[in-house]
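The values are calculated or read from the model by the stated rules, or taken from the named source; none is laboratory data. Remember, it's a predicted structure, so these values are computed and weren't measured experimentally. Note that we place each Cβ from the backbone using ideal geometry, even for glycine, and neighbour counts take in every protein chain shown.
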Amino acid sequence: MKFKGGYNIAIEGRPSSDVKTLPEPEALYLPLRTSRFAFSDVCVEDGRRVKLGEVLAKDPENYSVPLLAPRAGLVRLRTAENHIVLEDIATAPQHLHLAEETAPHIARQMGSSGILCHKLLTLGAWQFFYDAYSGSLPEPFRIPQAIIVSTASCEPFLARGDVQIRRELQAFSKGLEYLQSLLEYQPIYLVVPDIESDFAWQLRENVRGYAWIRIVEIPLVYPNDNFTILARNLGLKPENGPVWALRTEGVLAVDRALTASEPCTARIISIGGPAVKTAEHLETVYGYPLNKIVDSYVSETDVRIISGGVFTGSTIEAKQLGLDSECSGLTVLPEATEREFLAFAHPGWRKRSYGKWCFLSALRGEFQEIPTTAVQGEERACISCNFCEEVCPAGIMPHLIHKYLYNDDLDEAERARVDLCVGCGLCSFVCPSKIELAAQFADAQGRIRREPRPSEERGKHHSEEATL
Amino acid sequence: MKHLLNLFEKLRPGFEKDGKFAAFKPVFDAAEHVFFAPSTRTKHLPHVRDPLDVKRFMSIVILALMPVEIAAVYFFGLRIVLMIAVSYIAGGAVEVLFAIIRKEQINEGFLVTGFIFPLILPPTLPLWMVAVGIVFGVVVGKELFGGTGRNLFNPALVGRCFLALSYPAAMSAVWLSPGTGFVGRAFQYVDATDVQAITSATPLILAKQGQLAGLSDLFLGRIAGSAGETSALAILLGGLLLLISRVANWRPVVGILGSFAILGAVLHYVRPDSFGPVLWHLFAGGLLFGAFYMATDPVTSPITNGGRWVYGILIGVATVLIRNLTGYVEGVMFAILLGNICAPVIDEVVIRFRLWRLRDER
């Protein structure tokens, strides 16, 4: 498979493959908002004692995906704003006897795959599914044209697929089989890094003979693991139906939900970045108090804690108290404070740049940078250096679209295919003029989606005139 | 360092909105940011950014101009330094003035323009002409188009073009013979009053009369000519840095030199009496300087890679034709300005084609 653009950065604090289990918490703080979901439909009342796996809230906008209780405990609704707090956590797991909730009509109509799908939805595994094109939650009870399973993670730093599978290789293959049973004849693309290792070999051995799995090897370059990029490069067109995409943890969740009928509340997340003491993987549940993790892992005080990677992750704000159900890794960056003296004249021994020979670090071998949240320069007019176009994985011309948007010409930007932007953020990253390209494109995409396009209206107008 | 930072902090209120010198905010900002990079934090994705910024970008260009500058001082004396100072002061004043009027940041791009400009002038040109030229170049070539990033023409070339048309005698008939020996003219100050040092011809002028300068003299730069254009060696050294640091795009350079070499070789083969040998022509005049330092200006060249090839080839071909078939001995300046004019059109065609290819992507 051929990829356009892409660029890797090497920053300090790459999580090791050690997986550590966090100590049992005293209380869990479950945020009601995550990047995709808003669990606005709260199903429990204050002061009730819930069992593990009980539905605490639902997101009515997203096919009623549930927020399940990761532990048995006492519900507090008013302790923290926008959180459901579970106190008095039971140490011994008390399993909920799943009341055989009747599957909705549509699920029964679909037969076994519909029932499985319903189970995924109610046990919290459906939340690991993404629509490859939009990144949103895909519609359940529908057969996609293909499923993409990505075991690679290229962004610094997300939980690594190999770390998650290594412990549960059997469960992984079982999960793949379940995925297949959701389909009729459609393929599953298993995306693996194109590296030689014992583990890669083992993984391949494990899925050998599964005719419906097509192994796709990708170079480990950010953002080759982006679902939209993968779907495009696999030639899957949106007009042929939805494409489902999930990562390693998603397949493991499918297995957990369908083999053991257990709620999917546990996760393996990564913790990494220049400001952590030991970068590793953590086995935990969502709702785990963030301050506990910060206290034992973060070495500095003025830091930015990011849910996800440094390119696409979102800043965790102070009012969020626990891990949200979509967090796949925590990256901790020191905030920018230093004002560098005569920065443009520094030799740049410790600065790695896309324009490699602009800094003396070009003479060094591979090394890990210690980046901060600094913009590292002032915003200037575009100098058409073309770096953004070179790194763009979508094959569009970010600098050109920027010029159109600068002139507030949304029509031209649309013609220049701003809609193809996948939001990887590489253009903003490399831009020497420090232009917020990715943010501008996301904004433009939103405006194009929301507004009735003037061009269409004009077109309508024209046709009306013609009929008159 | 700390004291300097404190000084800036102390002066800052005067330049704020209601301060006494509020109009001079761009000057204050520029001065502050030269010494201390701002510690702005990222507000949008991604959270981290590449350390390369425009200041660094432009410092690399200045660094890449250093070999040329050193060669110019060696061959033509300390006056070159003075010319650069004049160019910086006169052009910088215009830049600052426009920044204040527009309430915009002062742009680093000027540091390159002001440095390049004297290097494409005859080394004995009166200083007032240097000042007039750079002011004209910056105002007409850049500011009237809306400032850095929006200009159509390379401001330094606009300035030179203006001088060449207004003062043809000073710009094309008074040249300085290069220094020789270990120190060259490195410690001399020579201007047009030194009759012995003045010559009326550059190798390209002499070539029209059938006299070819030696190739090694051309390569090292031991010839009369514009201050920075004579030494092919120095230009190649600096040009190499520009290309490997990716500050300059390699496509226009290869396009210009490649098309120049191929067309020149073919024409020399067909009609050896009217077209000179190609290697000689590559090193003579301003071709190399133009190809590496002027045609690679990202603002005035096409923004698409395909366009950069077309642009390079256009300039290379135009240079061969102007040099050999017209009354002008040197064609690089006009060729690049021609390229500048065509750049938007070339881009338009390439962009149309690229968007046509993207039409089916989803």
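Listed residues A:Cys327, A:Cys392; which is more than 8 Å from every other protein chain (Cβ to nearest Cβ) and in contact with a strand residue (DSSP E or B) (Cβ under 6 Å, 6 or more places away or on another chain)?
A:Cys327
Would you check which residues across segment A:330-358 are part of a strand (DSSP E or B), within 11 Å of another protein chain (Cβ to nearest Cβ) and in contact (Cβ under 8 Å) with a residue 60 or more places away in the chain and list them?
Passing the criteria: A:Thr331, A:Val332, A:Leu333, A:Pro334.
Going through segment B:244-255 one residue at a time, which ones are within 12 Å of another protein chain (Cβ to nearest Cβ) and either within 20 Å of B:Ala335 (Cβ to Cβ) or touching a Leu at 6+ places or on another chain (Cβ under 6 Å) (or both)?
B:Ala248, B:Asn249, B:Trp250, B:Arg251, B:Pro252
Return yes or no: is B:Ile62 touching a Phe, Trp or Tyr at 6+ places or on another chain (Cβ under 7 Å), part of a helix (DSSP H, G or I) and either hydrophobic (A, V, I, L, M, F, W, C) or under 28 Å from A:Ala374 (Cβ atoms) (or both)?
Yes.
Give the residue that is nearest to A:Glu12 (Cα to Cα), with candidates limited to residues of segment A:359-378 that are within 12 Å of another protein chain (Cβ to nearest Cβ) and of a type in the set (D, E, K, R).
A:Glu369
Can you find a residue that is in a loop (DSSP other than H, G, I, E, B) and either of a type in the set (A, V, I, L, M, F, W, C) or within 25 Å of A:Gly395 (Cα to Cα) (or both) anywhere in segment B:307-321?
Among the residues of segment B:307-321, not one is in a loop (DSSP other than H, G, I, E, B) and either of a type in the set (A, V, I, L, M, F, W, C) or within 25 Å of A:Gly395 (Cα to Cα) (or both), which makes the answer no.
Tally up the residues in segment A:308-327 that are buried (at least 22 other Cβ atoms within 10 Å of the Cβ) and either within 12 Å of the chain's Cα centre (by Cα) or part of a strand (DSSP E or B) (or both), please.
Total satisfying the criteria: 9.
Which count do you get for residues in segment A:7-32 that are part of a loop (DSSP other than H, G, I, E, B), over 30 Å from A:Cys431 (Cβ atoms) and either within 14 Å of chain B (Cβ to nearest Cβ) or among the aliphatic types (A, V, I, L, M) (or both)?
Qualifying residue count for the region: 3.
Could you give every pair whose Cβ atoms fall below 8 Å, whose first residue belongs to segment A:226-245 and is in the same structural domain as A:Gly135 (by TED's automatic domain parsing) and farther than 20 Å from A:Glu155 by Cα, and whose second residue is of a type outside the set (Ser, Thr, Tyr) and part of a helix (DSSP H, G or I), counting only separations of at least 6 or pairs across chains?
Here the result reads A:Val243/A:Phe227; A:Val243/A:Ala231, each pair linking segment A:226-245 to a residue that is of a type outside the set (Ser, Thr, Tyr) and part of a helix (DSSP H, G or I).
Which number in (1) over 21 Å from B:Ala71 (Cα atoms); (2) in contact with a strand residue (DSSP E or B) (Cβ under 8 Å, 6 or more places away or on another chain); (3) of a type outside the set (Ser, Thr, Tyr) marks the one condition that B:Ala164 misses?
(2)
Give the residue that is nearest to B:Thr148 (Cα to Cα), with candidates limited to residues of segment A:395-410 that are in a loop (DSSP other than H, G, I, E, B) and more than 8 Å from chain B (Cβ to nearest Cβ).
Among them, the one singled out is A:Asn407.
For segment B:304-317, check the following and say yes or no: at least one residue is free of Cβ contacts under 8 Å to residues at least 12 places away in the same chain and within 14 Å of another protein chain (Cβ to nearest Cβ).
no
Go through (1) crowded, with 19+ Cβ neighbours inside 10 Å; (2) away from chain A (no Cβ under 14 Å); (3) more than 17 Å from the chain's Cα centre (by Cα) for B:Phe98 and report which single condition fails.
Answer for B:Phe98: the failing condition is (2).
Which members of segment A:411-426 meet the condition of being assigned to a helix (DSSP H, G or I) and touching a residue at least 40 places away in the same chain (Cβ under 8 Å)?
Across segment A:411-426, the qualifying residues are A:Asp411, A:Glu414, A:Leu426.
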